[in-house]
Amino acid sequence: MMTSLCTRHYSLMAYETEDHENQYCFPAINSSCIKGMRSRYEYNIMFVFFSLLSAWTVFLNLLVIISISHFKKLHTPTNLLILSLAVADMLVGLIVMPIEATRLIETCWYFGDTFCRLFLAMMGLLFSASLSNLVLIAADRFVAVCHPLLYPQKITTTKTLIIVSLCWFCSSAYNIAIVMSLSHKKYACYGECTIMITSDWTVLNLFLSFLIPCTLIITLYLRIFYVAHQQVKVINSLVKVRRKSESKAALTLGIIVAIHLLCWIPYYILTLTENTAIPPTILYCLIWVFYVNSCVNPLIYALFYPWFRKSIKYILTLRIFQPASSRSCLNVSRENAPDMNRMFYMCFFFFFHCYQHGLCF
């Protein structure tokens, strides 16, 4: 049994026309796909909407990239992961969204077979890299919260760069292998770009590209919740500390996990269904929810940080072109207060632990 991955839904539109005379993607070719019919109003609305969505995705992620790349104070392991995620998401907005929008609006693939395979490999690479970066960010936060004393030794900028590079390399190799292994595929008609994969590839892709990464993300964040909750309970039993920071962290992590799952789960449900199981309109919506995740990621991971809002002001007011602007502190002295409090609590927990076990006089 054969199932198609990621792009099969577009072939449905190629065969759905009104009761008018059929139009073809390539009229001079007998095996051309039938072109779907759209009104000029529908065409213009879709063109404007997808253009704005693509531009907004690129703009938002570009702000993250410029901020972290320009300001030296932001060159931390965590921010390097956010930078890598923003690069993947920006390329989705720059490459994937415009091409997919063109195919959706025109209901035809005009770019040839070779570019089709390159595009599908690139699309798979970007989504795999994006998901891998989400896992790395979760792992980074896990070490920072659960093993804060070991964090500076275990998580360094050099190690992070190596891991990110391996992440991109493995994502590239995996998706190129999928596309190359299916080079024998013949299209039903000329003017479509789809990949047909066996059920074995579908199951493997489901585990490697979704179930395992999502399980890791959820497990790490649940562990973070547990450790943070236990720490706050100990603090509250000894000194009266408000739990505002815990609530804020819980809300942020909850949004991260919820938005991620809401954007990705529908797509992977779609990959396990037959073409006729879901109406075409719903298929389009599910796929584009999947793409919109690239626009949401920077909002979740960057806009929650005060330094990002300050760096936006530097960028939009062109102050980043001023001499020595890269060494600007972004007025983050107040924002570092939570880190100082965290160091205080770390020291407090350390001596409290020693006292409980008779390790301190």
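The values are calculated or read from the model by the stated rules, or taken from the named source; none is laboratory data. Note that the structure is a prediction, hence the values are computed from the model and not measured. So basically every Cβ, Gly included, is an ideal-geometry build from the backbone, and we count neighbours across all protein chains shown.
Among the residues of segment 184-199, is any at pLDDT below 80, in a helix (DSSP H, G or I) and either among the aliphatic types (A, V, I, L, M) or over 22 Å from Ala86 (Cα atoms) (or both)?
Yes.
Checking the structure you have, find out if any residue of segment 100-118 is of a type in the set (Val, Ile, Thr), out of contact with any helix residue (DSSP H, G or I) (no Cβ under 6 Å at 6 or more places or on another chain) and outside any helix (DSSP H, G or I).
no
Show the residue pairs meeting these rules: Cβ distance below 6 Å; 6+ apart or different chains; first residue within segment 209-229 and over 23 Å from Cys263 (Cα atoms); second residue part of a helix (DSSP H, G or I) and not small (Gly, Ala, Ser).
Sorted first by the residue in segment 209-229, then by its partner, the pairs are Val227/Val145; Val227/Cys146; Ala228/Glu246.
Could you grab the pairs with beta carbons closer than 6 Å, sequence gap of 6+ or different chains, first residue in segment 29-58 and closer than 18 Å to Thr281 by Cα, second one at pLDDT 85 or above and crowded, with 16+ Cβ neighbours inside 10 Å?
Lys35/Cys108; Met46/Ile105; Phe50/Ala101
Listed here are the residues, each with its yes/no results for (1) modelled with pLDDT of 80 or more; (2) among the small types (Gly, Ala, Ser); (3) over 30 Å from Asp113 (Cβ atoms).
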| residue | (1), (2), (3) |
| --- | --- |
| Phe207 | yes, no, no |
| Ile224 | yes, no, yes |
| Val234 | no, no, yes |
| Val239 | no, no, yes |
| Arg242 | no, no, yes |
| Gly254 | no, yes, yes |
